[in-house]
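The values are calculated or read from the model by the stated rules, or taken from the named source; none is laboratory data. Quick caveat, the model's predicted, so the values are computed rather than measured. Neighbour counts run over all protein chains shown; Cβ positions are idealised from the backbone, glycine included. We work out accessible area using only protein heavy atoms, side chains counted, and drop any ligands, DNA or RNA first. Shrake-Rupley method; radii C 1.70, N 1.55, O 1.52, S 1.80 Å.
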Amino acid sequence: MTKQCEDLPEECWGIILKKLDHHSHFQSLSLVSKTFLALTNRLRHNFTLTNQTILLHGTISKFVNRFNHLKTLDFSKFKGNVDMILDTVFNSGLSIECLDVSDQEKLPVLTKNMRNLKVFKCANICCLSDADLVSISVMLPFLEELDISYPNYSKFDSYLKLDEFTVTDVGIEALWSSLRKLRRVNISGNHFITDRSVVSLSTNCWLLSEIVMFDCSFITHHACHFILCNCHHLNVISVNTIQIPPRVSSTYVRALRSIDISDSVTLSDECLILIAKACWPLESLSLRRCTGFTLFGISQLLSAYRSLKHLALVKTCFLTDQIVSELAQYLVNLVSINLDSCFHLTTLTFITLVTECPSLEHVEMSRTSVGNVDHSLVVKNKKIKSLKLSGNSFLSDKLLKCIASTCPNMELLNISSTYRTTEVGIADVLTICHGIRSLQITYCAGISGLGAGLKLPTLEVLNVANSGFGDEGLKTISQRCPGLLKLDMEGCVAATTKQVEELLRMCERLREINLKGCCSVKSLSVATWIVSLRRSYLKVIPPATLPFNNCHRHLWSHGCLLE
């Protein structure tokens, strides 16, 4: 069998390895043979630079030479001189298409070598100015996606200084005039631009399909109206605190598939009815923390868009179990629904959704009243993959078991901050739902372990931060979770060094562990133990902040990253 596998052509192995959902899986495969090493190197398309990378290796050159098919670079987590590193990358001949330099002190120097970039993300940049936008327009003329959201002006104390480093309509207009191929843009958090910038965008960028403009203080519904009239390829529009224009029609934009409106206090029934009459091919509708509309308006809208796949009605306070039952007739094609902070909804709404929505896969009912009223669950919905019920203080072990029986194919469960749930409820869930991949049980003081049972080979992400987990709870993780990749146990003060080391020994695939606030755990002892295990890579967030020293460098050189 081994010989047959070795004889497979590289093309076949390439097809197989592409099925892996994250490049972290390549690390162990690259050690199998030179063929696999070469294959995994070629299949690596994304690279994230951190300070540890530079501190340990001194340069990015070895990675650029090794992974010569990189397409996406993420420098958002790196704090240092980005210019020299970018110069190395773009002089190497790599065909980089996507670059993320968000969260930097300033915009890096852009050069002609970067002209082929298609995606450029520079969100939360300190000192972003009109001059920077002009530089982007000159050096990156072929951009298809741009993110200049939320420039950070917090370090400036005086308006005089602030005036030199702001984004205004002048810079935005210069930008749009050059980026003729732009398709997606995020200009959120730019408080000094007006409708003039949006008009210029609509006029110059004919291919625009998505615009996000949250928290733009001086952009009004007139700009929304103009963009709906002129951007005929528009698929997605996301706004907040702005009323959708009072006149909408399908004769304006025919391709609109997603609307996201947040924090609007003037979203009237009339507006929702006009959207309903526009007859767009809507697939996603999100109304988050919006007021001003009633059951009549949302009923008219949902009845017009029965093919809707994604719906969010976050903090829609008038919703009740009865109202959701009435609306369910329009939701038969839903794939995901978010009813976060709809306080009047109980278990009855959950029953309605899993019964009346046969295509439903993702349900979020955090901070509702699930469990407040007892209802029997006798249905099964094998399509449900993700369930978020955090903040439901009435959720009990008995109900949790019923929910698991209703959704036996669940892969993600979040019951954080549910104070009545215990180890018994979690054990029942894990017994019924064999395919659980991600489990979030933070701030659940009553849960002290995973309970007894069979191994959980599919569980990859486990978050037990600030829960009741101590050494006994860690033993259940060690015994039952051989495939665990990421463990967050922040604030688990009862955990000790000895049991953490045992967990690290048993969970051989673990790649990240958060020990912040675990005051009984000794960081360097754990790190030394990791080195002795000869793991290829493991990131450790220690119990307390540690200064960088030669010991840390030694640990990093052996694959243990202390952050």
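Please find, among GLU283, GLU270, the residue that is open to solvent by 30 Å² or more (accessible area, probe 1.4 Å) and modelled with pLDDT of 95 or more. Talk me through it step by step, then tell me what you get.
On the way: GLU270 fails: modelled with pLDDT of 95 or more.
Just a single option satisfies the conditions, and that option is GLU283.
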Quiz item: Restricting to the stretch 337-348, what's the tally of residues that are under 16 Å from GLU364 (Cβ atoms) and part of a helix (DSSP H, G or I)?
Solution: 1
Self-check item: When residues of the stretch 464-488 are limited to those that are touching a strand residue (DSSP E or B) at 6+ places or on another chain (Cβ under 6 Å) and open to solvent by 30 Å² or more (accessible area, probe 1.4 Å), the one nearest to ASN409 (Cα to Cα)
Solution: LYS486
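If the requirement is being crowded, with 16+ Cβ neighbours inside 10 Å, of a type in the set (Val, Ile, Thr) and assigned to a loop (DSSP other than H, G, I, E, B), which of these qualifies: VAL493, VAL521?
Details: VAL493 fails: crowded, with 16+ Cβ neighbours inside 10 Å.
The match here is VAL521.
Test LEU319 against the criterion of being without any contact (Cβ under 8 Å) to a residue 60 or more places away in the chain, closer than 22 Å to VAL236 by Cα and crowded, with 18+ Cβ neighbours inside 10 Å, and give yes or no. Spell out how you get there, then give the answer.
Numbers: without any contact (Cβ under 8 Å) to a residue 60 or more places away in the chain: yes; closer than 22 Å to VAL236 by Cα: no; crowded, with 18+ Cβ neighbours inside 10 Å: yes.
When the stated conditions are applied, LEU319 does not pass them.
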Practice problem: Could you list, in sequence order, all residues of the stretch 482-499 that are within 18 Å of THR442 (Cα to Cα) and more than 23 Å from the chain's Cα centre (by Cα)? | Solution: GLY491, CYS492, VAL493, ALA494, ALA495
Quiz item: Here are some conditions: (1) without any contact (Cβ under 8 Å) to a residue 40 or more places away in the chain; (2) open to solvent by 30 Å² or more (accessible area, probe 1.4 Å); (3) more than 21 Å from CYS402 (Cα to Cα); (4) in contact with a Gly (Cβ under 6 Å, 6 or more places away or on another chain). THR422 meets all but one. Which one does it not meet?
Solution: (3)
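With the requirement that a residue be surrounded by fewer than 16 Cβ atoms within 10 Å (Cβ to Cβ), under 18 Å from PRO482 (Cβ atoms) and not hydroxyl-bearing (Ser, Thr, Tyr), what does the stretch 445-463 give you? If you could, list the steps in order and put the result at the bottom.
Restricting attention to the stretch 445-463, the residues satisfying the condition of being surrounded by fewer than 16 Cβ atoms within 10 Å (Cβ to Cβ) are 445, 452-455, 457-458.
Add one more test, that the residue is under 18 Å from PRO482 (Cβ atoms), and what stays is 452-455, 457-458.
Within the stretch 445-463, ALA452, GLY453, LEU454, LYS455, PRO457 meet the criteria.
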Exercise. Take the stretch 394-416 and flag every residue that is surrounded by fewer than 20 Cβ atoms within 10 Å (Cβ to Cβ), of a type in the set (Gly, Ala, Ser) and either under 21 Å from the mean Cα position of the chain (by Cα) or in a helix (DSSP H, G or I) (or both).
Key: SER405
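Restricting to the stretch 281-332, name every residue that is of a type in the set (D, E, K, R) and at negative phi. Give the steps one after another, and end with the answer.
Of the stretch 281-332, the ones of a type in the set (D, E, K, R) are 283, 288-289, 306, 309, 315, 321, 326.
Answer for the stretch 281-332, where residues must be of a type in the set (D, E, K, R) and at negative phi: GLU283, ARG288, ARG306, LYS309, ASP321, GLU326.
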Quiz item: Do any residues in the stretch 280-301 that are touching a residue at least 12 places away in the same chain (Cβ under 8 Å) and of a type outside the set (Ser, Thr, Tyr) have Cβ atoms under 6 Å from those of residues that are open to solvent by 30 Å² or more (accessible area, probe 1.4 Å) and part of a helix (DSSP H, G or I), where the two are at least six apart or on different chains, and which pairs are they?
Solution: PHE293/ASP269; PHE296/ASP269; GLY297/ASP269; GLN300/ILE273
Self-check item: Pick from the stretch 326-347, criterion among the polar types (S, T, N, Q) and open to solvent by 60 Å² or more (accessible area, probe 1.4 Å), ranking: nearest to SER369 (Cα to Cα)
Solution: GLN329
